[in-house]
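**Q** Just passing along the structure, written as structure tokens.
The values are calculated or read from the model by the stated rules, or taken from the named source; none is laboratory data. Fair warning: this is a prediction, and the values are worked out from it, not measured in the lab. Here Cβ is always computed from backbone atoms with ideal geometry, including for glycine, and neighbour counts include all displayed protein chains.
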Amino acid sequence: MAVARIAKDEIRQRVHRRIRRKMKGSAERPRLNVFRSLKHIYAQVIDDAQGKTIASANTAEKGGTVKVGGNVAAAKAIGKLVAERAVKAGVKKVVFDRGGYIYHGRIKALADAAREAGLEF
């Protein structure tokens, strides 16, 4: 069972590397990157030209007001929070980097919440 999990993760990483070769975030349109684990979900708005993170949010933040966990409700909260932080930093348009994950479930919930909070993909 562990061998199958390693192979699945390697496939996702290969897909992610292929996506990253084509996708770059700029100052005008930074990249909204998503990473999910079994326990947490992380989102960052990144300017690849300068190599800087503009805004970030995750369920592992200490003292955070968002729901803890890797479920859909937490993904919605993180999507809303990262969008609010990005808009506060002056970012309205982003390129969505799903990180090789299927656009379904938690990833879709995060993206929809970020759109509702003011980000344009």
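**Q** Give the residue that is farthest from R115 (Cα to Cα), with candidates limited to residues of segment 29-76 that are acidic (D, E) and touching a strand residue (DSSP E or B) at 6+ places or on another chain (Cβ under 7 Å).
**A** Out of the qualifying residues, it is D48.
**Q** Looking at V82, is it of a type in the set (A, V, I, L, M) and outside any strand (DSSP E or B)?
**A** When the stated conditions are applied, V82 passes them.
**Q** List the number of the failed condition for E116; all other conditions in (1) surrounded by 15 or more Cβ atoms within 10 Å (Cβ to Cβ); (2) modelled with pLDDT of 95 or more; (3) of a type outside the set (F, W, Y) hold.
**A** (1)
**Q** Which residue pairs have Cβ atoms under 8 Å apart, sit 6 or more places apart or on different chains, and have a first residue in segment 14-25 that is farther than 15 Å from V94 by Cα and a second that is outside any helix (DSSP H, G or I)?
**A** R14/G100; V15/G100; H16/G99; H16/G100; I19/D97; I19/R98; I19/G99; I19/G100
**Q** To continue, here is another question. Taking R12 as the residue in question, decide whether it is loosely packed, with under 15 Cβ neighbours inside 10 Å, closer than 21 Å to A75 by Cα, at pLDDT 85 or above and not acidic (D, E).
**A** Yes; evaluated as a whole, the condition is true for this residue.
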